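Please read the structure below before turning to the comments.
The values are calculated or read from the model by the stated rules, or taken from the named source; none is laboratory data. Worth saying up front: this structure is predicted, and the values here are computed from it rather than measured. Here the Cβ positions follow ideal geometry from the backbone for every residue, glycine too, while neighbour counts run over all protein chains shown. Just so you know, the surface numbers come from the protein's heavy atoms only, side chains and all, with ligands and any DNA or RNA stripped out. Shrake-Rupley method; radii C 1.70, N 1.55, O 1.52, S 1.80 Å.
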Amino acid sequence: MKPLLPDPVEAAALAAELLARWAEPHRVYHAVPHLAAVLDRLDELADHPADPAAVALAAWFHDAVYDPAAGDNEERSAVLAETLLPAAGCPAGRTAAVARLVRLTATHAPEPGDRDGEALCDADLAVLAGPPQEYAHYAAAVRREYASVPEPAFREGRAAVLRRLLALPALYRTPYGSRHWEATARFNLRAELELLTV
C-alpha cells in the first residue's frame, strides 16, 4: 500500500483498516488470501494496465465490504474507497478511477480498451483457473460463506452463476489471461457445474 499513496503513514493506517475488514470472521473465500492472490495476479499482468496504482488500490478495496446476503457489496466497497482514499491523500482523479474499477467487479465486464478494468477483472477471476485441488478449495470456501443457504437453493444459485460465466465469449480480457487461464477456467467451471447438477 505504501507506494500507492503519497503519505506512507496514512498508507499504513489505511492498509491496517482494510486488512481488518478482509479478516472479518464471516469471510471464508473473500478474505485476506483472496486479496493477496489478486495482488499477485496483478503482478503477472503488470504490463497491461494504464494506471497500475489505481488498479492495485481497487484490488485492496474491491471486496472491502462483504456480506454474503447483500447484493450491493461492490457499491458499498466503492463508496468506502471514495470516503477513505481522499482522507489518505489520494488525488481526486485517482479516487474516482478506483471507485469506478471497484464497481466494475460487480459485472466483470469492462468495455473494450479499458486496460485497467481488464487487468482488475482478470486478476479477480484468476482463481477460476487454478489447479483442480485449488479450485475445489475455492468452491468449498464459497459454499461455507453461504452456509446459511439451504443446499438446493445454493446449488441452483451457484449453477446459474457458473452458466453465466460459461456463456461469456471470454472470461479473460487481457492477452495473458486469455492465453494462460481461459481453457483451465472453463474446464473447472464445467466440472463444478456438472457436480452441482447431477
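Nearest 500 deg cm²/dmol is fine: what mean residue ellipticity at 222 nm does the chain get from its DSSP H runs of n ≥ 4 alone, each adding -39,500 (n - 2.57), divided by its residue count? Let's see the in-between values first.
On the way: 10 runs with 130 residues, N = 198.
Result for the chain: -21000 deg cm²/dmol, rounded to the nearest 500.
Taking every Cα-Cα distance in the stretch 1-97 and sorting them into 5 Å bins from zero, the calculated P(r) comes out as 2, 14, 24, 25, 21, 11, 3, 0 percent.
At a 1.4 Å probe, what is the % contribution of carbon and sulfur to the accessible area of the stretch 71-119? Don't skip to the end; give the middle numbers.
Details: 1250 of 2200 Å².
Solvent-exposed carbon and sulfur of the stretch 71-119 make up 57 percent of the total.
When +1 charges are put on Lys and Arg Cβ atoms and -1 charges on Asp and Glu Cβ atoms, the dipole computed for the stretch 78-123 relative to its Cα centre reaches about 180 debye.
Please report the orientation-averaged projected area of the stretch 125-198, defined via the convex hull of its C-alpha atoms, in nm². Before the final figure, lay out the partial values.
Working: hull surface 19.1 nm².
Answer in nm², one decimal: 4.8.
Quick one: helix 92-104 against the long Cα principal axis of the chain, what's the angle to the nearest 10°, folded into 0 to 90? Compared with the principal axis, the helix lies near 10 degrees.
Accessible surface for the chain, divided over its residues, is 49 Å² per residue with a 1.4 Å probe. Using only Cα atoms, find the angle between the long axis of helix 8-22 and the longest principal axis of the chain, and express it within 0 to 90 degrees, rounded to the nearest 10. Helix 8-22 and the main axis of the chain meet at about 20 degrees. Candidates Leu168, Thr95, Pro52 compared by Cα position along the dipole of the chain: farthest toward the positive end lies Leu168, with charges placed on Cβ. Shown here is the pair-distance distribution of the stretch 90-135: with all Cα-Cα distances grouped in 10 Å bins from zero up to the longest one, the shares run 26, 43, 23, 7, 1 percent.
GNM, the chain, Cα, under 10 Å: largest mean-square fluctuation among His180, His48, His34? Among His180, His48, His34, the largest GNM mean-square fluctuation belongs to His180. In this Cβ point-charge picture (+1 for Lys and Arg, -1 for Asp and Glu), the chain has a dipole of about 420 debye about its Cα centre. Percent of Cα-Cα pairs more than 16 Å apart in the stretch 56-103, please. For the stretch 56-103, the fraction of Cα-Cα distances above 16 Å is 28 percent. For the stretch 85-172, report the translational diffusion coefficient in µm²/s to the nearest whole number, using Stokes-Einstein at 25 °C, 0.890 mPa s, and a Kirkwood Rh over Cα pairs. This corresponds to a translational diffusion coefficient of 160 µm²/s.
Remark on the chain: ratio of C-alpha radius of gyration to 2.2 N^0.38 Å is 1.02.
Semi-axes of the equivalent ellipsoid of the stretch 29-144: what are they in whole Å, largest first, if each equals the square root of 5 times a C-alpha gyration tensor eigenvalue?
23, 17, 12
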